[in-house]
1. If you filter segment B:103-175 for trypsin sites (Lys or Arg not before Pro), then keep DSSP loop positions with at most 12 other Cβ within 10 Å, what is left?
2. Taking GluC sites (Glu not before Pro) as candidate sites, keep only those in a DSSP loop with at most 14 other Cβ atoms within 10 Å, then name the longest stretch of chain B containing none of them.
3. B:S262: net charge of surrounding residues, Cβ under 11 Å, Lys/Arg +1, Asp/Glu -1, itself excluded?
4. How big is segment A:17-233 along each principal axis, measuring the range of its Cα positions in Å and listing the largest first?
5. Please list the three semi-axes, largest first and in whole Å, of the ellipsoid equivalent to the protein assembly as shown, using sqrt of 5 times the eigenvalues of its alpha carbon gyration tensor.
6. Between helix B:115-129 and chain B, what is the angle of the helix's C-alpha long axis to the longest principal axis, kept within 0 to 90° and rounded to the nearest 10?
7. Got a sec? Charge dipole of the protein assembly as shown, +1 on Cβ for Lys and Arg, -1 for Asp and Glu; which of A:P133, B:N220, B:V191 is way out at the positive end?
8. Considering Cα pairs under 8 angstrom that are at least six residues apart, work out the relative contact order of chain A and quote it in whole percent.
Amino acid sequence: MEIDREDGRRPNQLRPLACSRNILHRPHGSASWSQGDTKVLAAVYGPKPGTRKNENPEKACFEVIWKPKSGQIGKAEKEYEMILKKTIQSICVLTVNPNTTTSVIIQVVHDDGSLLPCAINAACAALVDAGIPMKHLAVAICCCLADSGYVVLDPNKLEEKKMTAFAYLVFPNTTLSVLPEVEGEPVEHGIITSVTHGVMSVDDYFLCVENGRAATASLSAFFRKNFQQTQGAV
Amino acid sequence: MALVDSSQDLSAEMEVDAFRRLFPLRFFERHLSESLRPDGRPLGKARDTIVNLGLVSSADGSALAKIGSTTMIAAIRMEVMTPSLDSPDEGCIAVEFHMPPICSPTVRPGRPADEAPVISKRLSDIISSCDMIDLKELCLVSGKAAWMGYLDIYCLDADGALFDAALLSAVAAFSNLQIPVVALNDNGRIVAINGGQEENASIREKEAVNKEKRKLTLKNIPFSLTCILHKKYILADPTAEEESIMDTLVTVVLDSSDQIVSFNKSGGNALAGSSAIKSCVELAKKRGKELKEILGEMDID
């Protein structure tokens, strides 16, 4: 049994991805990332000397500035900033540039669902473009739980509103090399970030995690292909 | 590695307090390897929890929640408002979480803490998504008047697991909430009725919209537990010191039927594999039962 989606996609099918890097002149690194109609622009400035108050000067520090498409920044955007900051801190090597601050600026161009995962992917691409030392990439995906118990990936805004629950999940990218397993699971199966909305059973959550994990393989492949292309061009 | 080795050698001859400050991670790991935490708790045990109801006399419902030394005071004030056109027979709840400078040395006066808006956003998400309150119950006159509940939570002492304590105090305040008596006057406006006054008695009989003070029915009560993931250890209900040293926090919110309302993890060094997720959910289930008992004792009094 398959459920039909408004735009004719299969449940596990992502919207068309597009990523271009080094599109802005002033920042040290920049990228635009779009999934279907959702488009986000990310710019990275830094590492700049000094850290803010309350931050550990022995480590590299990050700040995230979220710019909505229009209007003032509200509580939701503050939450996004915090999630994005913590996610970036967990994938970057913080000991290489101690006592520096790197600013990541996210500009929403258009929001058609899965905004936060899109922003995380964009930030990742921009950090790579800026040459910030990273442990691995983060690959983000939105999983939606339909009433009938199906998991739908990468929903657009309309689907996001209709669904009972959804989860934003961030995984490490799949690697081509062999990594040691943690408790019988490959490293890339661990969750970096998880944000959920709505009520779901524990089994449904695991279903989301499983489906999201499967989709990150294709996202990782897209990242890899994209980075290789630009390398070849230079 | 030289640093770790030297700390191992020093640990034998150094004072405990000095060792704790100089090598905090090492200090904690030595405890964890013995399945114990510096405050004497086993890894999966939460701190002592106290809930007190009705502390703020000017509010319609209030509660004080203490988890260890993390202290939250929550108060709800009800006001009459005109409901929006989209939902004419529903009331509304506005949640605000405050972190005044008194709560922690990291909060400076004049500068709001970064966590505060994030916690209030998460609280309002959870209260609305888990159907704890039927917003239709807050309706007075369809399309004309409904209750607006202002829930304010003040953090008096921030010693870790802020979200857990905030949610607990919010739930307790809602269980303490008494909706005041109001009536429609001749102009079609809602006025408050003070219980003892004689002249109001006639109005109350005729036009009181709700006859007596009533309580909200809480259908589905969410309980949350924050855990730290560090290597293979899972620590329930961390203190502020533990949170600052080991940075991978997972917050699980379960409702009465053990469904996940929120599974929140943002970043951190450790990755959450399936087994870690399962253990966190199990710990949250156990904690939910504990908290239910604590709240249940309150209701009898």
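1. Sites meeting the loop and neighbour criteria: none at all.
2. Numbers: sites that count: B:E15, B:E34, B:E198, B:E199, B:E212.
Free of exposed loop sites, the longest segment is B:35-197.
3. 0
4. Its Cα atoms span 52, 47, 41 Å along the three principal axes.
5. Semi-axes from the Cα gyration tensor: 42, 30, 22 Å.
6. Value to nearest ten degrees: 60.
7. Of the listed residues, the answer is A:P133.
8. Value for chain A: 19 percent.
Each value in this text was obtained by applying a stated rule to the coordinates, not by laboratory testing. These numbers were taken from a predicted model, which means no experiment stands behind them. Neighbour counts run over all protein chains shown; Cβ positions are idealised from the backbone, glycine included.
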